[in-house]
1. Give me a count of the residues in region 71-110 that are open to solvent by 20 Å² or more (accessible area, probe 1.4 Å), among the β-branched types (Val, Ile, Thr) and in a helix (DSSP H, G or I).
2. Counting residues that are modelled with pLDDT of 90 or more and out of contact with any Lys or Arg (no Cβ under 7 Å at 6 or more places or on another chain), which helices (runs of 4 or more DSSP H) fully inside region 139-237 reach at least 1?
3. Just checking, which of Glu443, Glu415, Glu429, Glu464 is over 30 Å from Gln341 (Cβ atoms), charged (D, E, K, R) and modelled with pLDDT of 90 or more?
4. Of all residues in region 428-441, which are over 21 Å from His399 (Cβ atoms), surrounded by 15 or more Cβ atoms within 10 Å (Cβ to Cβ) and of a type outside the set (Gly, Ala, Ser)?
5. When the residues of region 123-138 are narrowed to those that are assigned to a helix (DSSP H, G or I) and among the charged types (D, E, K, R), which ends up least open to solvent (accessible area, probe 1.4 Å)?
6. Out of the residues in region 315-329 that are in a helix (DSSP H, G or I) and in contact (Cβ under 8 Å) with a residue 40 or more places away in the chain, which is most open to solvent (accessible area, probe 1.4 Å)?
Amino acid sequence: MSKRITIEELQSYLWSSAVLLRTNIDAGAYKQYIFPLLFFKRISDVYDEECKQILEDYGGDEEALEWEENHRFIVPEGAHWRDVRAVSENVGVAIVNAFRKIENANSNKLQGIFGDGSWTNKNRLPDRLLKELIEHFSTKTLSIKNCPEDELGQGYEYLVKKFADDSGHTAQEFYTNRTVVHLMTEMLKPESGETIYDPTCGSAGMLISAIAYLKDQKKEWRNVAVFGQEINALTSAIGKMNLFLHGVKDFDIVNGDTLKAPAFIEKGQLRQFNLILANPPYSISQWDREAFISDKFGRNFLGVPNQNRADFAFIQHILKSMDEHSGRCAILLPHGVLNRQEEAKMRRGLVDNDLVECVIGIGKNLFYNSPMEACILICRSNKAVERRGRILFIDGRAHLTRRGTESFLAQEEIEIIAQTYYNFHSITELSYVANAEEVKINEYSLAINMYVAHANPQQVPNGESSDMFVEKWMDQSRQLHKSLALMRSFIEEEQSNE
């Protein structure tokens, strides 16, 4: 009988599979082979687990095994993990055949999900190496009982980060710092029953963060529909796998160019969503500006960006994709969008249309291979009455934790920035609420230091100054984290004594 797999065991198990490839495959290509095998093993083990449960539920009636509604996925005859494991020659061919059978049997969700790795290239992947990989993955049973969806998802995220660390130059496009994503999600507060969209979704980390938020809040998450588009075929396939491994069923991830051919259209217009999270590629120059000039979806309503920087093309796509009543977005962007002269007219449109609610600066070194600072732009299609005509600027650069070579936002820092956003007050050296006239005087620059540097503390409703409020909040957070650290230390000491 298989036993529950711990997170540590899962991480070691997953990373050891990548180590087997090291002498044959470049680190940047690990994901092409490890993720599909992981997903194939998971599908097969969950299918077996379901079959066992079906027989129990139907008193051993094997006909019930054929009913599709009893299975999450269909595993056709000859396409199970054990079928491939039994092959000793031309293993790559057997893997590809199994992949295609599974994709075709589940075409509404799994088409293209296994990617197009060079499995049959025996110079790169000899039968011996593939057999080693298969035998390694066979050492554990990845059933739901042994490895619940959230835990397998955590293992997957661990592997994503390890690949990012190991492959270096490919990491930034593949992996967005998860603590920044958690901050964005925390501020937008997803709700049950909403539609959530990421137009440049990568491996679907932002979409999964929104689902994780609902789970943490003990809110219903299975009725949330998530949508994403990703230009890289392999990465979009990995995004689908990631969602499945986290237990998300209602999703639609499309491989394609969001600016050139947006995937989600209703009645000739862009589909609109309740919540949008995005980290578009920064300042790309390879995009079809000519087509954008006469965009049939009206995504140039603020203007047409320079050929060398498509940032405002993505921003406008997102704004046009927001639900007109409940739509809100958090976009991770380079600081240049806040004050580049060439985009002044488009920023003016943002302010005059009262779309911008908050601009947040975050610290350096939060992105792989780049010390750059970034900003988060929060927009709403229908701002709360008390926030209309006003923009909150937050300088969050000081709220950053660095441990070794890694920079991240600790939970305390996420809470401080998020609480500042919720309260919407000016706080010395942290935040400033500007009205539209002030921004106009500054020629529509949204550069954070032009506002926060001159912030005057205001009073919060209960008469307590904003500075006092935040200091109290920070003190409470520090106490909480001290308690958690002591608890962790106690648990580790107990475990070491066992």
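1. Of the residues in that region, 2 qualify.
2. Qualifying helices (runs of 4 or more DSSP H): 178-188, 205-216.
3. Details: Glu443 fails: over 30 Å from Gln341 (Cβ atoms); Glu429 fails: over 30 Å from Gln341 (Cβ atoms); Glu464 fails: modelled with pLDDT of 90 or more.
Only one candidate qualifies: Glu415.
4. Glu438, Val439
5. Asp127
6. Only one residue tops the list, namely Lys320.
The rows are residues; the columns are (1) under 30 Å from Asn306 (Cα atoms); (2) part of a helix (DSSP H, G or I); (3) touching a strand residue (DSSP E or B) at 6+ places or on another chain (Cβ under 7 Å).
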| position | (1), (2), (3) |
| --- | --- |
| Ala344 | yes, yes, no |
| Ile360 | yes, no, yes |
| Ile376 | yes, no, yes |
| Ile394 | yes, no, yes |
| Ala398 | no, no, no |
| Ile416 | no, yes, no |
| Gln419 | no, yes, no |
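Conditions (1) within 19 Å of Ser138 (Cα to Cα); (2) open to solvent by 30 Å² or more (accessible area, probe 1.4 Å), marked per residue:
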residue	(1), (2)
Asp26	no, yes
Ile34	yes, no
Leu38	yes, no
Ser44	yes, no
Tyr47	yes, yes
Asp57	no, yes
Leu65	no, yes
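The values are calculated or read from the model by the stated rules, or taken from the named source; none is laboratory data. Small disclaimer: the values here were computed from a predicted structure and weren't measured. Cβ: placed from backbone, ideal geometry, glycine included. Neighbour counts: every protein chain shown. Heads up: the accessible areas ignore ligands, DNA and RNA and are worked out on the full protein's heavy atoms, side chains in. Shrake-Rupley method; radii C 1.70, N 1.55, O 1.52, S 1.80 Å.
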